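What follows is a set of notes on a single structure, which appears directly below.
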Amino acid sequence: MSDEPSSSVEFRREGGSTNDPPEGCRSRSGSSSSSGSLVGEAEEDYCENSPWVFIPEPMFTKIFLYLEPRDMLNAGQTCKRWNKLSRDDYIWRKYFQREFNVDTNIGLKPGAESWRSEFKRLTDNVPMVMTDVLTNHSHQVLHVSFSHNGKMFATCSKDGFVIVWNSAYPSTIRDSYDMRKLSWKYTQFSQFNQSDTLLLVSGVHFGSPHSTSGEIAVFTVQNGFRLRCRVTNRPYDIFGTWFSDQHLLSGDLHWLAHLVSSSILWLNKANQEVDSEHTPIRNQLYKFYNRNASSIRAIMVANCPWLGDEKKDEEGAEGPSTSDAAGQKPTTEDEEDDRRIGNPLSHYQMNQDQAMDNMYRAGRVFIPDIDLDFPYVPLENNDYASPIHYLDEYRREYEDSYYESSDDCLDDDDDQEDDDMSETEDLDNLCPKYLIFSTGSKTYTPHQIGFKRISSVNFPRRVDPGPSLKERIALRDRQRELEVIMREMSQEEIRLQYILQNETPPMEANWANYEAVADRFDKVDKLIDLHGHIIGMGLSPDHRYLYVNSRPWPKNYVIRNPLEPPPIAQEIDIHVIDLMTLKKVGTMLRAHKAYTPNTECFFIFLDVCDNYVASGAEDMHAYLWDRYYGVCLTKYQHDDVVNSVAFNPRDNEMLVTTSDDYEIKIWRSLSQAKKLGIQPVGKAIEFRKLKSRTTACH
């Protein structure tokens, strides 16, 4: 029996398949090539009499659960039986739940091939190693955004520059522009249009410390980095966003009375070079009422094709103002059986996962053995970031989803270079959209998410010139004469004059009473109050789910003065809102940290890709969660506040983080780093809280 270990080692050294048993076991089945030899007879006698042969599989499973995954994979190379057991999905499910702290009630992600493949994904395919550190900015880096084709990303900084980078390793500067030439104090936000031909850059003007003046600039990205247009934007934290490929949204703020204002959203042409002064370059889209010193901020647009497919009943025809979104089919008992725990996936990713699943079953995809050579750093319990908790009511599979992905509203052609699309064509056949923004009603700090449905937009083709200059001068002189006459008359005399002329006396608007002036403003379709200071928002790739960073207020806190907002927690909550129902479907409480007081609170951007959610934080780290399982997987180190994060939309295994430490860090997965032959310059901290083996085995 002492010869067996050496025989096993020699079997692997000779390059035998890991799916073949040792030679002695092959002779037991009548296929041994060493029949008649003393060595073969000894091996056959050993295999037939070894206690390992008679151990039932449940006992093997229990033994394997005491091993580390790496040790079990090594054991699986011993013989065919052990190799089959090492691939058992029950064992990998236990490993997966134990190492990644996944709730045992959460099933396998729809479209996933197995628990083993999911273990491999969270081990090898999560952005984990730092491959680049970019230090070209000379001040705090506030924001990062990717182009839709994943080939570029742009960064904004308090040094006044916007820099466009090539995302391929190693990242290099493609273009840059010093916005201080345009009297900007700094740049704060950027966004590529859908065709990746234009870049929207939002910034803050120089001015007094309390000035809210800002501006939006649009640059061409292809065939040179040129300034195309500039648009005023007030307040600056409205940021601005692309409405379509050739139109963008900006804002303006007008004070009407004490603590009362109106926010006007403008639809602007990205190309403002016109042949005639009568050709319009912008048009008012909406005018909203603001109370208690609040205003519209952080606008974004979501493409929602299901809004065009919904069946409007008598109640739903009035809009989704206070109840479920119209068109949401009632749930039957059969549908209830199909529901499962876990975050609903993006529809686009569901299709991709299903396609990959079919390829696995067809035998066209080979899954390599899991490589666990990269070390991880376990954290103490108090360092662990909390998971996302989703409502069971909204956790279901979407393989046979009736609704289509919002990708149907977008053009995914990487080679599209036609930036001369007619403005009229750009707004034709518009995909139904939601205008999304943060606002408030109880105090000036944003604590509500507002939704306004957009079905169609009418952009005038020609500006009405109105009265001529001569007519306007005559009208002004006549008004001045009337003002002089009226100043010499009593109120009763003025009233009688209007009666004699069959006119209604002008009434001064009572701006503090919304009901009295509501007809002058557009109505918000839906408001969701998060009872906390909203500091960041991000859409899922299919625009189905909205993720919101919020710093909660004390429970049951009563606001007595709108100019004195409630104190806010140091922890950041993440809320998940389903745009199909306009309801919260998940909450991650006390997820990560922020320390600034409510009067100095600033935006912490987050980003969502098909598989993961990431967010910055004020504790000098960025964090990443798995979207479906909800667990926090890793955190990324910086030397100061992490302001923004962004996934490469074409490569979920690449993440960029920006910080007040003036640095831009690029993180890639271990698999990608090996594929590209990159020597990592650092690694993130991986969250794996291993429970005791005794507990895990039960």
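The values are calculated or read from the model by the stated rules, or taken from the named source; none is laboratory data. Computed from a predicted model, the values in this text were never measured in an experiment. Quick reminder, even Gly has a Cβ in these numbers, built from the backbone with ideal geometry, and neighbours come from all protein chains shown. When the accessible area is computed, the model is the full protein with side chains, heavy atoms only, and any ligands, DNA or RNA have been set aside. Shrake-Rupley method; radii C 1.70, N 1.55, O 1.52, S 1.80 Å.
The value obtained for the stretch 454-512, namely the Cα convex hull volume divided by the number of residues, is 187 Å³ per residue.
Of the accessible area of the stretch 451-546, computed with a 1.4 Å probe over protein heavy atoms only, carbon and sulfur atoms account for 51 percent. Divide the volume of the convex hull around the Cα atoms of the stretch 80-235 by the residue count and you get 197 Å³ per residue.
Model label points for ARG226 and GLU488, set 7 angstrom from Cα along the Cα-to-Cβ axis, are 6.1 nm apart. Separation of the alpha carbons by more than 25 angstrom is noted, of LYS151/LYS584; LYS269/LYS433; LYS120/LYS675; LYS555/LYS584; LYS287/LYS555, for LYS151/LYS584; LYS287/LYS555. A 1.4 Å probe run over the stretch 483-579, with the rest of the protein chains in place, finds 57 Å² accessible per residue. For the stretch 49-122, GluC sites (Glu not before Pro) meeting the loop criterion (DSSP other than H, G, I, E, B) and having at most 10 other Cβ atoms within 10 Å: none. When both the stretch 497-556 and the stretch 139-178 are represented by their alpha-carbon centers, they are found 35 Å apart.
Atom-type composition of the exposed protein surface of the stretch 63-221 places 49 percent of the accessible area on carbon and sulfur (1.4 angstrom probe).
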